[in-house]
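Chemist: So that we are looking at the same thing, I have put the structure below in structure tokens.
The values are calculated or read from the model by the stated rules, or taken from the named source; none is laboratory data. Just so it is clear, the model here is predicted, and its values are computed rather than measured. When we count neighbours, we look across all protein chains shown, and the Cβ atoms used for this are built from the backbone with ideal geometry, even at glycine. Protein only, heavy atoms only, side chains kept; ligands, DNA and RNA dropped before computing areas. Shrake-Rupley method; radii C 1.70, N 1.55, O 1.52, S 1.80 Å.
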Amino acid sequence: MRILHTYLGSGEVITAQHVFLIDSSRYVYSYNPETNELVDLFHPTAGSSVDLAATNDKMWLPACAEYDITLNPFSATYFRDITINTYGTAMTAIDNTHLISGSFGTSEIWAHDITGSTSINTLLFTMPDGRTIQGDILYNPISDRYIVTNSLSGTSHITEFDSSGNILYDIVTSYGGLFGMFEYKEELYVFSCSSYTSTLLKLTEGITVPVFTVPIEVYGAAQRIQNMTVNLPRIPTYTDPFQITVSIPYDGYLLNMPFGPYGTRIFDCTVNYGDGTSLPITAYNDANVSHTYATAGTYQISITGKCTSIDFFAYSNFQDKVISIDNWGDIGALKFNMARCYNLVSIAPVCGDFFKFVDSGIYLFYDCRLITYSDLPVDLLGKAQYVTNLNAAFTQCYALTNVRGDLLRDCSRLISAVNMFGYCTALESPPSGLFDHSPLINDLTNLYTNCTSPNFSSIPIDFFKYLVNLQVLSYAFYLTKITSIPTDLLRYNIKLEAVQYTFYNTLITSIPDDLLRYNPLINNYLGVFGSNALLETAPLYLLKYSTRTTIDFRQVFISCVKLQINKNLFYADGEESTIFLNKTIDFTNTFNRATFTGIQGEAPDLWNCDFGTGVVTKTGCFTGAGNSLTSISNYADIPIDWK
């Protein structure tokens, strides 16, 4: 991949940060590594393989077609074929007349002078040790060094060579299919291609950290190599230990360190068990991760060095032994949690660089029942720019009353926070701004489910304003004590699809006008406002805006004993013939209630709607003793099969 200064695609200005990509079907895209956006540029007709090289005005595709390109706006015009007898599938451009290439599965790196239509080829070097090219080559003209993705004995490597082919530095990664590299903001990135998608990896401090996933198989990429100024990032020396204090219950207790198998990640650390024993660890299942304490007591365990995965979730013989986190340190962690550390009561107040490479925070403090707001470090999740998953991060933290509003300020790549605060029964109303810096989040299922404290009574205005990719909000406020819903709570969540039981069994008395107006993709409304015993009114057209062809309205208002039903909940007068035409709609128990204590309303005449070729399920829609002429003025008009 070679970075370009500026170009246009589909009439849109593309800036300097963009990169050319080619997929397995030989479509060429522009790619923005800042926002993970793809723009489809063109489908080359010349060339026969899937790689590319480019400058600002030339593009080459194997084997070997040259295109003239313009960047403002983007265009590509076939110019000529070039004969390159030694040409390979991994290619990079030095300038408009010089290329570097190698063939997949071979060890030779070649230079090509393509001034004429037949290339003049020069063998630069042969990679040692039986290494074979995997997918891409980068050349640094400043240092005269080559970076090559390659395979050695079935393992993926990213290796830096000098001009004679000597290895200067080598990174081993568990990711395969490394078919594209590029430099961005003086840092290196590589795409790992697998199963019709590709993962963008950042090369940093000797490791590869996943950043984004793109929905294409990236088989090549292009940027201006003249701009490349960095070499492979070196592994730092990790000297600041992660330290915890444990309570060993009896003599001869066997403790297993929680170094879970998170991919094939790196372990190169020393564990000091606090009883005079220090042992090296080189794998998560190293024999030295098990240690027997001769005497019961309190010990401080120190982990010094590279330790990419600390995962307490499955280590039951360790979880309840942890009393405190004494020092966060820096151990290059990629996955981290203290799940089920029931007796954790003290946490070091500053995290520093601990979270800077963490990409998985699932179960972060899951079921840590004693931690409080004051126990959480002031910079918890600080620098956590790669974390994508915080599912169940604080679930069942029963003593936790709140978190800081800037908790996720650095979590710009966070995608999922399912059950993040579920069952935190002491939790008070959430802080403003919590999700303002995490626009990629798509799933907040069970976000605050069963947060039953009476002090959890409100939702901040604009709480979800910046979650433009949010798709699932099911059970988010289930069984909370919220008394109202902000007017524009869901105004900006245009991709929202599921609100199942989102506001089920709360203390709300009304629903804002237009709450669901801007969410046309919702198809799951199951129980969204059900069991709200204090709910008295619902606005006009609340449920008319979905454009989906299959919609679940089951139990939307089940057990709402005070609700004054509005005849225009689903449509305006006169829309009965079109609103549900040819759609599959489920109204099972939509208005089912056993009692009624409110003001009489009027039922929507759903039975008069035209469903065309669609399927309507109406079982128990208006069933229950709470539905009668007392509560519904047109109850006598409701057909028996809707009751």
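Chemist: Sticking with the crude label model, points 7 Å out along Cα→Cβ, report the distance from ASN285 to THR483 in nm, one decimal please.
Modeler: 5.7 nm
Chemist: Suppose all protein chains stay in the model; what accessible area per residue would a 1.4 Å probe give for the stretch 418-568, in Å²?
Modeler: The answer is 35 Å² per residue.
Chemist: If you don't mind, there's one more thing I want to ask. What is the projected area of the convex hull of the Cα atoms of the stretch 505-643, averaged over all directions, in nm²?
Modeler: It is 7.1 nm².
Chemist: Follow-up. How big is the stretch 75-214 in terms of Cα radius of gyration and Dmax, in angstroms?
Modeler: 15.2, 43
Chemist: If you don't mind, another one. So what is the diffusion coefficient of the stretch 386-474 in µm² per second by Stokes-Einstein at 10 °C and 1.306 mPa s, using a Kirkwood Rh over Cα pairs? The partial results should precede the final answer.
Modeler: On the way: Rh = 12.8 Å.
Using the Kirkwood radius from Cα pairs, D works out to 124 µm²/s.
Chemist: Mind jotting down the distance between the C-alpha centroids of the stretch 384-459 and the stretch 575-602, whole Å?
Modeler: So the separation of the two Cα centres works out to 33 Å.
Chemist: Same structure, new question: Taking the Cα centre of the chain as origin, sum charge times position over the Cβ atoms of Lys and Arg (+1) and Asp and Glu (-1), and report the length of that vector in debye to the nearest 20.
Modeler: Once rounded to the nearest 20, the dipole reads 1200 debye.
Chemist: Cross-link candidates for LYS567: which aspartates and glutamates have Cα within less than 14 Å, leaving aside residues fewer than 8 places away along the same chain?
Modeler: Cα-Cα hits under 14 Å: GLU575, GLU576, GLU602, ASP605, ASP637.
Chemist: Sticking with this structure for a sec: Please find the FRET efficiency linking LYS495 to ASP406, where r is the Cβ-Cβ separation and R0 is fixed at 35 Å, and quote it to the nearest 0.05.
Modeler: 0.90
Chemist: Shifting gears a bit: Mind computing the radius of gyration and Dmax over the alpha-carbon atoms of the stretch 595-643? Å is fine for both.
Modeler: Both quantities, over Cα of the stretch 595-643: 11.7, 38 Å.
Chemist: With a sphere of radius 15 Å drawn around the Cβ of ILE459, what net charge do the other residues whose Cβ falls strictly inside it have (Lys, Arg +1; Asp, Glu -1)?
Modeler: -1
Chemist: A follow-up question, please. Divide, for the chain, the radius of gyration over alpha carbons by 2.2 N^0.38 Å, where N is the residue count.
Modeler: Compactness ratio reported: 1.17.
Chemist: Using amide H atoms built in the peptide plane, which far-off residues or other-chain residues are under 5 Å from THR292 H to H?
Modeler: LEU255
Chemist: If Lys and Arg each add +1 and Asp and Glu each add -1, what is the summed charge of the other residues whose beta carbon sits under 12 Å from the beta carbon of TYR189?
Modeler: -3
Chemist: I've got another one for you. Please work out the Cα center distance from the stretch 272-321 to the stretch 157-202, rounded to the nearest Å.
Modeler: 33 Å
Chemist: Right, something else. Based on the alpha carbons, how large is the Rg to Rh ratio for the stretch 166-260 when Rh follows Kirkwood?
Modeler: Here the Rg-to-Rh quotient is 1.17.
Chemist: Put +1 on the Cβ of every Lys and Arg and -1 on every Asp and Glu Cβ in the chain; which of PRO349, THR483, ALA111 then has its Cα farthest towards the positive end of the dipole?
Modeler: Result: THR483, furthest along the dipole toward the positive end.
Chemist: Sort 67-77, 238-248 by packing, meaning the average of other beta carbons within 10 Å per residue, with the highest value first.
Modeler: Working: 67-77: 15.8, 238-248: 18.9.
In descending order of packing, they fall as 238-248, 67-77.
Chemist: Contour minus end-to-end for THR83 and SER143, with contour as 0.36 nm per residue of separation and end-to-end as the Cα-Cα distance?
Modeler: Gain in length upon complete extension: 18.7 nm.
Chemist: For the chain, what % of the accessible area comes from carbon and sulfur atoms, probe 1.4 Å?
Modeler: 49 percent
Chemist: Can you tell me which lysines have their Cα less than 17 Å from the Cα of LYS495? Leave out same-chain residues fewer than eight positions away.
Modeler: The reachable lysines, counting only those whose Cα sits under 17 Å from LYS495, are LYS465, LYS544.
Chemist: For the stretch 83-166, what value does the Rg/Rh ratio take when both radii are computed over Cα atoms and Rh is the Kirkwood radius, given to two decimals?
Modeler: Over the Cα atoms of the stretch 83-166, Rg/Rh equals 0.96.
Chemist: Label-point separation (nm) for SER374 and SER316, each offset 7 Å from Cα along Cα-to-Cβ?
Modeler: Reported label-point gap for SER374 and SER316 is 3.5 nm.
Chemist: With each pseudo-label sitting 7 Å past Cα toward Cβ, what's the TYR635-LEU254 distance in nm, one decimal?
Modeler: 6.8 nm
Chemist: Can you give the FRET efficiency to the nearest 0.05 for TYR196 and SER75, using r as the Cβ-Cβ distance and R₀ = 25 Å?
Modeler: Taking R0 as 25 Å, the efficiency between TYR196 and SER75 is 0.30.
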